[in-house]
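These notes are about the structure you will find just below.
The values are calculated or read from the model by the stated rules, or taken from the named source; none is laboratory data. Please read these numbers as outputs of a predicted model, since none were measured by experiment. Because the Cβ atoms are built from the backbone with ideal geometry, glycine has one as well, and the counts that use them run over all protein chains shown.
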Amino acid sequence: MLTALLIVLAVLGATAAALAGASVRVLREYERGVVFRLGRVIDEKGPGLVLLIPAVDRLVRVSLRTVTLRIPPQEVITRDNVPVRVAAVAYFRVIDPRRAVLDVEDFMAATLQIAQTTLRSVLGKAELDALLAERERLNDSLQQIIDEQTEPWGIKVTIVEIKDVEIPERMQHALARQAEAERNRRAKVINAEGEYQASARLAEAADVISPNPVTIQLRYLQALSDISSNQASTIVFPVPIDLVRPLMEKTSPKDSGEGDRRAALGAPDDEAATPASLPRASGE
C-alpha cells in the first residue's frame, strides 16, 4: 500500500513538473513571443518570464536581431546580352513579430525568394559597365525594392550588397583589350594636349624674341652651349638661309635664267643669229 502511494505521488510530481515546464517560458532580450490560445493570437510577450496555460497556449519565438541573408549566385543576362554570375548578401530584421508570424508562413524563405527574383530582375535591366562601375546605385535600388515587398510582413531590409560578379573568360579578355585601348587613347590625347600647349608657349616666346635680334643670337649661343656639354653626340649646326642667299646671288647671274629658257626653246644666241658684216667689193 505504501509503495503504491509512493508511485502515485511520484507520477503526480512528474506530471506537475511537466505541466510547470510547459507553462513557463523565458524570452531573451532580443526575442519576442506571439502567444496563441486555442488558435487565436491573444498577446505579444517578452522579454523575460512568460506564463502559459498548458495544452491551451502555444508560444512562437521571433528574434529581433539583424539577420544576414546570403543570396546564392544567380545566372543573370545583362541588358547588353552578357551572361554573368552574381552573388549578393542582404541584411534585414523583424520589426513587427505579429505580422511576421501571421502574414507569411516562413519569412526567412520568403525574403530569400524575393531577394533572388529582385536581383535577377534589376541586374537584367543594367548593362555590364553599370554593373561593374555603379554598384552603389544598384545596391540602393535592390534595397528599396526588396524592402517595399517585405514591409507587409513586418520585415525591414536595411542593406543589400552585390558581393561578387563573375564574368566569362572571353569577356574578361575583351574588357582587357578595351581597357588597353582606352589607356592608349588617353595617352595620345594627353600627348597632343601637351604639344598644343608647348606650341602656344613657343609662339608667345617667338613674339617676345622677334623684336630684338640680339636675343635670337643669345638663344642660339645658349643652344650651342647645351649641345657641347655632351661629347658623345654628333652635332649638326644649322646654317641660316639668310647667310647663304647673298653668295648664291653673286655666283648666279641674273640673266642665267633667261639664257637657260632660250636654250630649252631652241632659240639661237644673239651672236650666232647675227651674221658677220661682209666687206663690199671695190668695184661697187
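Outside the structural domain of residue 77 (by TED's automatic domain parsing), part of a helix (DSSP H, G or I) and either without any contact (Cβ under 8 Å) to a residue 60 or more places away in the chain or not acidic (Asp, Glu) (or both), is that true of residue 179?
Here the answer is yes, as residue 179 does meet what is asked.
Has the range 108-118 got any residue that is of a type in the set (Ser, Thr, Tyr), part of a helix (DSSP H, G or I), in contact with a Phe, Trp or Tyr (Cβ under 7 Å, 6 or more places away or on another chain) and assigned by TED's automatic domain parsing to the domain that holds residue 94?
The answer is yes, given that some residue of the range 108-118 is of a type in the set (Ser, Thr, Tyr), part of a helix (DSSP H, G or I), in contact with a Phe, Trp or Tyr (Cβ under 7 Å, 6 or more places away or on another chain) and assigned by TED's automatic domain parsing to the domain that holds residue 94.
May I ask you to verify whether residue 80 is in contact with a Leu (Cβ under 8 Å, 6 or more places away or on another chain), more than 21 Å from residue 28 (Cβ to Cβ) and of a type in the set (D, E, K, R)?
yes
Considering the range 133-174 alone, what residues qualify as being closer than 22 Å to residue 69 by Cα, outside any strand (DSSP E or B) and hydrophobic (A, V, I, L, M, F, W, C)?
Once the filter is applied, which keeps residues that are closer than 22 Å to residue 69 by Cα, outside any strand (DSSP E or B) and hydrophobic (A, V, I, L, M, F, W, C), the range 133-174 yields 138, 142, 145, 146, 153.
Among the candidates 99, 85, which residue alone is part of a strand (DSSP E or B), of a type outside the set (A, V, I, L, M) and in the same structural domain as residue 161 (by TED's automatic domain parsing)?
Just one listed residue meets the conditions, 85.
Within the range 83-110, track down each residue that is surrounded by fewer than 17 Cβ atoms within 10 Å (Cβ to Cβ), aliphatic (A, V, I, L, M) and over 27 Å from residue 38 (Cα atoms).
Scanning the range 83-110 gives 87, 89.
Given 114, 95, which one is among the β-branched types (Val, Ile, Thr), out of contact with any strand residue (DSSP E or B) (no Cβ under 8 Å at 6 or more places or on another chain) and in contact (Cβ under 8 Å) with a residue 24 or more places away in the chain?
So the residue among 114, 95 that is among the β-branched types (Val, Ile, Thr), out of contact with any strand residue (DSSP E or B) (no Cβ under 8 Å at 6 or more places or on another chain) and in contact (Cβ under 8 Å) with a residue 24 or more places away in the chain is 114.
Are any residues in the range 35-46 closer than 10 Å to residue 57 by Cα and not in a loop (DSSP other than H, G, I, E, B), and if so, which ones?
Of everything in the range 35-46, those that are closer than 10 Å to residue 57 by Cα and not in a loop (DSSP other than H, G, I, E, B) turn out to be 35, 36, 37, 40, 41, 42.
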